[in-house]
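A.B. asks: Below is the structure I would like to discuss, written out as structure tokens.
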């Protein structure tokens, strides 16, 4: 095979190369015959340049070029020529030049791909995933992958400059008590025993702090076996960070600067710091979410006091029963039909709301079934509180605080998007802080950790372990961007007695705590420094950086919603011998067990 | 808690700080009382500085310091003072100063650790692994971790500057036909089906080349479930690289420069390039190894022709039967006793040698049982070929070439080390090239791939697929350092017909090839560029960089030889419910199944 490595990339041929002989490697994007001359849009990962085969200049090259089709792989040699003014293609970076080819070698041929290798294609995602190697050839996917690589590099550069040490932690580790979501790995050497793939390297990074490493980071794969939603993957990547001796007031600014560095290095956007902070209570009260999108207003407004005394008994009785009534103002939606209002109600119902009351202001009147129950002063006060005016629509939910927050928060997000209230050029970062340490699980009838069992309570709330654990606030912080939780962190417990209280509050017996986390409790007795850290979801961050709306657009080889890899066909049945060697058997029904 | 973050690291306090008030965070290495004054060696990850508590200067601080013990975690504030000349400690970087403490907070206390937190401890490795969080506190382990982090950064910087894109490939993927060493992961969503953890991202990186990414890299965790040897771990890290359009003559220098960059950036050593190259045949002939340690000579010398006609029938008959006779010269070992020679013979037997003949030159005589069978001219010729002189010992193995190479190669390594022939300050890199593509597996009665089934044959050997596959040479290359294989790479097959021939040579039916690798064969039909790459074992490279002799010394949380994590106790039994949810059952014997 006689061919040469490129002297320049396709997308980088400019008028500066005019007159030079160059070599290009790449793929045929498109071939056109015009008056016996062959024009090829020639592509590599940097872009496209036009190459030209003229039978009058070079017959053998033209004859060879006559055989090529889309996606053939070529090496070509030729000289760069300035195009005539009328032939300039302003859409191409290389549009002022073309390359007149004197030599061509076909490195490989190609069948017609199942979809065009270009952006904005309308193809079923299943097909794209099956032929992922072709899908990734499309420029927008190449840009995603390169952006991701650049972002990871920017994280590493920043962390390295700030004294962080990258440490690799084990992938084959131990199942935790919340192991329902663990992926298990049977051991051949230890029959009947299993490793678990890590949901996060939480314990290892804390133990590295016990080791005195002081600043750790890792860009690390984690695993969670859960029912997949649009924005979850069974394996995901997090930027995992832990520090010793720093307080939250030192960690948060450091993380802000890190993220600002990444945005600057990748997409050139300046992110202002410090990020605003909201307490969990405030975020829930104002936005009905602990990860609010603050790019727009439409905040939740409490009107419980106002409606408690109204003639609308539904509201009054909810307030009397300890519930609350809140409203949002859908600006300019006063004209909504009953059907439209009903659709909103159905939407709210999905978040647990038993009803969605509304009040529209249209043609100088107050519309909606509940209007008649309110006196004029009450309506005026409602309008004042919600800054409502002619043409607006107020939406009310009356329920337990959690349901009010969930339903109105979801409605706010939906309407914010639908009404075009969101400035998509904006990156609205914030911290949510002062989370509750524990959450009551109705089903399990016990407290569960809102973050994880290693989160440090606020010092001033420590005494509540014995009296009212639900009221303990955590030294925890979530980084939120445009309505997405980018990551969560906390200061960690670093004293054995506090950790034991925490396990007790979570319903562990002493024996269970020791069985599962004895090594951590032991470690705390050998001189553990105060420490804390954070884990940022890299996939989601890249998705937002790239302006995409699906994690699969920024993962090279993602899984589907049913956790399958459609290209390699995984998971799959395996040889019975493999299972025997691992001392396991499958309990799948016979028809499922048949080797495919 | 009132304490402050450090203003300077312990190991970095110098005479420049004299007169300044500083804050330090760290651990108590050692406490001494001298005439009522307390001296503490205070440690953080950068080193040690002496801090002093004098009751006459500050009584409360002294009283607090009186309570601290080794490994307590402190924050201290004080002023830096130049030590009196007689008190200077030349062994410490900070030995010219000490810090007179005015304020101290005990952040955490500590029990006495199970072993001292210092270098060169004589402790059972099992104890070190159980208390890994304390073991990693020792300076030599901290240095290992930091070196590793620095090396990974150096790899990334080099690859980034050379246009490589870091892409993350899946960890939950598909089992391969050589799946005996695969770790399997049962799927909850697909009962009876399993993912496999990757032994390497080989197929994915090739598919990224099909995608036109052109230059890929990843520092990636890989998994292999095999019986562990001293230098293997069930999970290991490789620097994984793939390129398109480049030939081997372009890839090899690029990889040499990369490794040289890493050595320069981490330990400041200049590695000369280009690396020498040896063909596989030459390496086996001269060193009896495809990963020779070329820091010393003692090469294998073929004497088959010479001994074929000798009176020593054992040698003559081996040669007559198609075998060979080779020897090495153990310089200065002519005085070895029969017992010592027998021990060498036992050693050689482990590598399959049925015997080890020897001939010593001592006191002007030729010693050893075989001496009498050789004429003087024959002995002189042997001495000449092996450059033997008075005092030397020749060791002979007569057998099939593979046994000769294995036994004499191992003897050479052993004697090289024992006789002190190895310059341990040297880094002797080389490439081994021209490997056979296939190796005959006596047990399976079929060919197996010496590297892997995707390795490209030499163009000029392609025709041998139909006649003599065993003679095909591969476009493969191994990077070797000081007798270790650092990594292996190759140019890859990129045409469907060649790949199909390869699968056929490996004994796959068409159906099996399609079932397992259909997506790859398909991919080759859509415009696959010529490509090739390499994978370097990061753990081993760091081990050699750090001058250690065990992979566990450069892995934060390694597994034991039986693939266990002694700290977290993994693998372990899991709740029966977890297995049911995964549709599997364990076949382990009852006594093994009991929950620990």
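A.B. asks: Within the range B:239-270, count every residue that is within 14 Å of another protein chain (Cβ to nearest Cβ) and on the phi > 0 side of the Ramachandran plot.
C.D. replies: Total satisfying the criteria: 1.
A.B. asks: Among B:325, B:294, which is the only one that is modelled with pLDDT of 95 or more, in contact with a helix residue (DSSP H, G or I) (Cβ under 9 Å, 6 or more places away or on another chain) and more than 25 Å from residue B:482 (Cβ to Cβ)?
C.D. replies: The conditions single out B:325.
A.B. asks: Quick one: residue B:527 ticks every box in (1) closer than 22 Å to residue B:244 by Cα; (2) surrounded by fewer than 20 Cβ atoms within 10 Å (Cβ to Cβ) except a single one, so which number is it?
C.D. replies: Looking at each condition in turn, residue B:527 falls short on (2).
A.B. asks: Something else now. In the range A:332-349, how many are touching a residue at least 60 places away in the same chain (Cβ under 8 Å) and buried (at least 18 other Cβ atoms within 10 Å of the Cβ)?
C.D. replies: Residues that pass the stated criteria total 3.
A.B. asks: A follow-up question, please. I'd like to know if the range B:350-366 contains one or more residues that are crowded, with 20+ Cβ neighbours inside 10 Å, touching a residue at least 40 places away in the same chain (Cβ under 8 Å) and within 18 Å of residue B:335 (Cα to Cα).
C.D. replies: Yes; the residues of the range B:350-366 include at least one that is crowded, with 20+ Cβ neighbours inside 10 Å, touching a residue at least 40 places away in the same chain (Cβ under 8 Å) and within 18 Å of residue B:335 (Cα to Cα).
A.B. asks: Out of the helices (runs of 4 or more DSSP H) lying entirely within the range B:447-547, which hold 1 or more residues that are more than 16 Å from residue B:259 (Cα to Cα)?
C.D. replies: B:496-505, B:510-523
A.B. asks: What number of residues within the range B:141-174 are more than 7 Å from chain A (Cβ to nearest Cβ) and outside any helix (DSSP H, G or I)?
C.D. replies: 3
A.B. asks: Quick one: which residue in A:90, A:114 is surrounded by fewer than 17 Cβ atoms within 10 Å (Cβ to Cβ) and within 13 Å of chain B (Cβ to nearest Cβ)?
C.D. replies: A:114
A.B. asks: Another question, then. Go through the range A:524-558 and report how many residues are touching a residue at least 60 places away in the same chain (Cβ under 8 Å) and within 7 Å of another protein chain (Cβ to nearest Cβ).
C.D. replies: 7
A.B. asks: Of the numbered conditions (1) assigned to a loop (DSSP other than H, G, I, E, B); (2) crowded, with 20+ Cβ neighbours inside 10 Å; (3) under 30 Å from the mean Cα position of the chain (by Cα), residue B:412 fails exactly one; give the number of that condition.
C.D. replies: For residue B:412, the failing item is (1).
A.B. asks: Going by the structure shown, is residue A:69 surrounded by 19 or more Cβ atoms within 10 Å (Cβ to Cβ) and out of contact with any strand residue (DSSP E or B) (no Cβ under 6 Å at 6 or more places or on another chain)?
C.D. replies: No; evaluated as a whole, the condition is false for this residue.
A.B. asks: Taking residue A:369 as meeting all but one of (1) within 18 Å of residue A:348 (Cβ to Cβ); (2) out of contact with any strand residue (DSSP E or B) (no Cβ under 6 Å at 6 or more places or on another chain); (3) modelled with pLDDT of 95 or more, write down the number of the exception.
C.D. replies: Going through the list (1) within 18 Å of residue A:348 (Cβ to Cβ); (2) out of contact with any strand residue (DSSP E or B) (no Cβ under 6 Å at 6 or more places or on another chain); (3) modelled with pLDDT of 95 or more, residue A:369 breaks only (3).
A.B. asks: Let me ask something else. Would you say residue B:103 is within 23 Å of residue B:18 (Cβ to Cβ), under 44 Å from the mean Cα position of the chain (by Cα), more than 14 Å from every other protein chain (Cβ to nearest Cβ) and not in a loop (DSSP other than H, G, I, E, B)?
C.D. replies: Here the answer is no, as residue B:103 does not meet what is asked.
Condition check ((1) touching a helix residue (DSSP H, G or I) at 6+ places or on another chain (Cβ under 6 Å); (2) assigned to a strand (DSSP E or B); (3) away from chain B (no Cβ under 14 Å); (4) at pLDDT 95 or above) across all residues:
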residue: A:195; (1), (2), (3), (4): no, yes, no, yes
residue: A:205; (1), (2), (3), (4): no, no, no, yes
residue: A:209; (1), (2), (3), (4): no, no, no, yes
residue: A:220; (1), (2), (3), (4): no, yes, no, yes
residue: A:230; (1), (2), (3), (4): no, no, yes, no
residue: A:236; (1), (2), (3), (4): yes, yes, no, yes
residue: A:272; (1), (2), (3), (4): no, no, yes, yes
residue: A:284; (1), (2), (3), (4): yes, no, yes, yes
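A.B. asks: Here is a list of conditions, (1) crowded, with 18+ Cβ neighbours inside 10 Å; (2) free of Cβ contacts under 8 Å to residues at least 40 places away in the same chain, and residue A:431 meets all of them except one; can you say which number that is?
C.D. replies: (2)
A.B. asks: Oh, and also: Quick one: count up the residues across the range B:464-488 that are out of contact with any helix residue (DSSP H, G or I) (no Cβ under 9 Å at 6 or more places or on another chain) and buried (at least 21 other Cβ atoms within 10 Å of the Cβ).
C.D. replies: Summing the residues that are out of contact with any helix residue (DSSP H, G or I) (no Cβ under 9 Å at 6 or more places or on another chain) and buried (at least 21 other Cβ atoms within 10 Å of the Cβ) in the range B:464-488 gives 1.
A.B. asks: Turning to a different aspect of this structure: Looking only at the range A:175-193, filter to residues that are in a loop (DSSP other than H, G, I, E, B) and free of Cβ contacts under 8 Å to residues at least 60 places away in the same chain; which one of those is farthest from the other protein chains (Cβ to nearest Cβ)?
C.D. replies: Among residues in the range A:175-193 that are in a loop (DSSP other than H, G, I, E, B) and free of Cβ contacts under 8 Å to residues at least 60 places away in the same chain, the one farthest from the other protein chains (Cβ to nearest Cβ) is A:178.
A.B. asks: Can you tell me which condition residue B:318 does not meet? The list is (1) surrounded by fewer than 17 Cβ atoms within 10 Å (Cβ to Cβ); (2) in a helix (DSSP H, G or I); (3) in contact (Cβ under 8 Å) with a residue 60 or more places away in the chain, and all the others hold.
C.D. replies: The number of the failed condition is (1).
A.B. asks: Here is a further query. Among the residues of the range A:15-53, how many are crowded, with 18+ Cβ neighbours inside 10 Å, more than 12 Å from every other protein chain (Cβ to nearest Cβ) and not in a strand (DSSP E or B)?
C.D. replies: Total satisfying the criteria: 1.
The values are calculated or read from the model by the stated rules, or taken from the named source; none is laboratory data. This structure is a prediction, so every number in the text was calculated from the model and none was measured. Counting neighbours? That spans all protein chains shown, and the Cβs are built from the backbone with ideal geometry, glycine included.
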